[in-house]
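Single-structure report; data block below.
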Amino acid sequence: MKLRIALSKGELYKNTLSLLETVGLSVDALRDDTRKLSFKVEEDDIEYFICRPTDVPVYIQYGVADIGVVGKDVLMEQGKDVYELVDLGFGGCRFVVAEPEDPSSSSDVMDRRHGHLLVATKYPKVTEDYFSTKGVQVEVIKLHGNVELAPLVGLSHQIVDLASSGRTLRDNGLRIVDTIEECTARLIANPVSMKTKHEHISTLVSKMQEALG
Amino acid sequence: MATPTIPSGLRDILPRETSEIRYIEERIAQVFQSFGYGEVIVPTFEYYSTLSVETGELLSKEMFKFFDQDGSMVALRPEMTTSVARLAVQRMTDQPLPLRLFYRGNAFRHEPPQGGQAREFRQAGIELIGDSGPDADAEMVVVMIESLRAVGLSSFQVSVGQSEFLRGIIENIEDERTRLSVRAALLNRDLVGLNSILSKEGFAEAAALEQLSSLRGGDCIAQASQLVQNTMSLAAVENLSAIVDRVATMGYSDVVTPDLGIIRNLDYYTGAVFEGYSEGIGFPISGGGRYDRLTSEFGWSQPATGFQHGVERLHYALALENPEMRTDLPPLVRVIDETNDKSVVDFCSQLRRNGYRVALDAVAEGSDTSLSTCAHISVRVTHTSVSIVESNGNEDFVADLSVALAELGQRLPVLVGSGKE
């Protein structure tokens, strides 16, 4: 039975191919710099789909792909009903809460006016989940990029964002208040594929776990 | 007037697809009936307090709620089992047990459309109330398989699990924080998170959870009974073993997999759980389980088990296997009549008696009748001729209507019991 694998284009791609190669799969065709989005590798009986990272869980949820590689950050924000099978270790970054080093710059004024916490983020679900677990009432402000700006100009008190080195935060005078989750790449699977292609998937999972040590 | 629209997640179903869906539901109903189940029709909406009595928070959120004239909150049914249980408690407690009931109909949920399931979707299922034994659960598996076969699905798998297996392990975890986080990880199918908890917080039966996704197949029962010590989980394994043995005795073991890794609404199910899968559909096409607590919520404590098919998902699975889906509809003949003569009406009646569907269109003399049509075949009658027109446009003239009748019988026979194979 053919296995269909959805791969995240971008930062995770190279490491994903190395891992697939390590577990003995043929990935040469996937290395070619083409615009093709799907590849059949007959010798392994696998079909690969190249997707935007945020789309990988969708392909898996619908069962169009059986398994896929995607960052934990994407999984947390989307909350799709998929199996999370293996922590692949690479692609490390973390969800952090950050605020200005010098809070008097904006938030004091806003605190008095609003009486509750304003948080800007590209990840509203992660943000809601985090603060509601802590029992803190917040107003989440959804932005699409350059979230660091929000607390500096008085749009929010804090931000929730992905950080790898934390340099962008420091450069903008923000300090990390808390780390919500370390996010690495994950192997995920469709719940039905876990049943209908169990042998195929579990063999691959144990090979990967072995390769990752 | 603007182009009319309908709310998102709803849809119209046109004649071709409707006939396929009716065919599926009819075949399923025939199987349910053949196992002694009686059909019930429950209200489309009921008191919210009734429908939400045992459902989790998620389903309560997904219900369409509104207010009745007296101000009480009502909701469209998000599934049928709760209504059927309510019906049994209210109306059928004087009947001999067990009760065997089935239903088919639509249900409603506010959820993003997924896998061929819109906000209004169709279910067909059975409930067996008043029998706690493994044979009752085995009957669910068998009826599920027989009804999937009856609609013509050739490739499918049925898994049988036992929700008390997981519940026993979870409840046996002493530390409350660990217990809650293990439970959350399982519900999220987050095996990475689960393993990370297990590596930090060792407890007696951690190994069972580590191996959960591979606790399936013929050996899983022996394997699982080595991995757990708590009474609830051990009883669950024994119960699953009895169900699987019974299913095998009845000759269905080739499509059934015991699977202790099925995670299915841990709050609701109290025993066996069932799921049916078809390759290429990313969601279970059928599902169910034992729900011994539900009727007691209505004041009549009876063990119960059941399952339902998602009709649209099943339809989709069938269409993947064979795009030319079968229906029970006999061939459609279109009769185009320029004569307005009674003999043509009689001809149509005769065709209908012979089992055809007949659409009679009276047209003006000399009309352009080369209209495209959904009919399999057309008969054109003018004052001077009778002809048979195939759907590809080929026209053959015949002597008269009685010859046309015989010719139709040759070209487009009505199969006795068509669609029954």
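Condition check for residue A:206 on (1) assigned to a helix (DSSP H, G or I); (2) surrounded by 14 or more Cβ atoms within 10 Å (Cβ to Cβ): one failure, at (2).
Among the residues of segment B:402-420, none qualifies, meaning not one is of a type in the set (S, T, N, Q), at pLDDT 90 or above, within 17 Å of residue B:343 (Cα to Cα) and exposed (fewer than 13 other Cβ atoms within 10 Å of the Cβ). Number of residues in segment B:255-300 that are β-branched (Val, Ile, Thr), part of a helix (DSSP H, G or I) and open to solvent by 10 Å² or more (accessible area, probe 1.4 Å): the value is 1.
Listed by first and then second residue, the pairs linking a residue in segment A:34-63 that is free of Cβ contacts under 8 Å to residues at least 24 places away in the same chain to a residue that is open to solvent by 60 Å² or more (accessible area, probe 1.4 Å), with Cβ atoms under 8 Å apart and 6 or more places separating them unless they lie on different chains, are A:58/A:80. Filtering segment A:52-92 to residues that are among the polar types (S, T, N, Q) and facing another protein chain (nearest Cβ under 10 Å) leaves only A:61. Does residue B:234 fit the bill of being touching a residue at least 12 places away in the same chain (Cβ under 8 Å), over 20 Å from residue B:137 (Cβ atoms), in a helix (DSSP H, G or I) and of a type outside the set (D, E, K, R)? The answer is no for residue B:234. Filtering segment A:117-150 to residues that are part of a helix (DSSP H, G or I) and closer than 26 Å to residue A:79 by Cβ leaves A:124, A:125, A:126, A:127, A:128, A:129, A:130, A:131, A:132, A:133, A:134, A:150. The listed residues are A:37, A:25, A:19, A:30, and the only one of them that is more than 14 Å from every other protein chain (Cβ to nearest Cβ), of a type in the set (A, V, I, L, M) and open to solvent by 50 Å² or more (accessible area, probe 1.4 Å) turns out to be A:37.
Scanning segment B:228-249 turns up no residue that is within 30 Å of residue B:198 (Cα to Cα), within 11 Å of chain A (Cβ to nearest Cβ) and not small (Gly, Ala, Ser). A count restricted to segment B:171-185 and to residues that are more than 11 Å from every other protein chain (Cβ to nearest Cβ), under 22 Å from residue A:82 (Cα atoms) and crowded, with 20+ Cβ neighbours inside 10 Å stands at 1. Looking for something under 27 Å from residue A:88 (Cα atoms) and either acidic (Asp, Glu) or more than 14 Å from chain B (Cβ to nearest Cβ) (or both) - is there at least one such residue anywhere in segment A:192-201? Yes.
Of the residues making up segment A:93-131, those that are open to solvent by 30 Å² or more (accessible area, probe 1.4 Å) and either within 14 Å of chain B (Cβ to nearest Cβ) or at pLDDT 90 or above (or both) are A:94, A:99, A:122, A:123, A:124, A:125, A:128, A:129, A:130.
The values are calculated or read from the model by the stated rules, or taken from the named source; none is laboratory data. From a predicted model like this one, the values you see are computed outputs, not experimental measurements. In this analysis, Cβ positions are derived from the backbone assuming ideal geometry, glycine residues included, and neighbour counts consider all displayed protein chains. Just the protein is used for accessible areas: all its heavy atoms, side chains included, with ligands, DNA and RNA removed. Shrake-Rupley method; radii C 1.70, N 1.55, O 1.52, S 1.80 Å.
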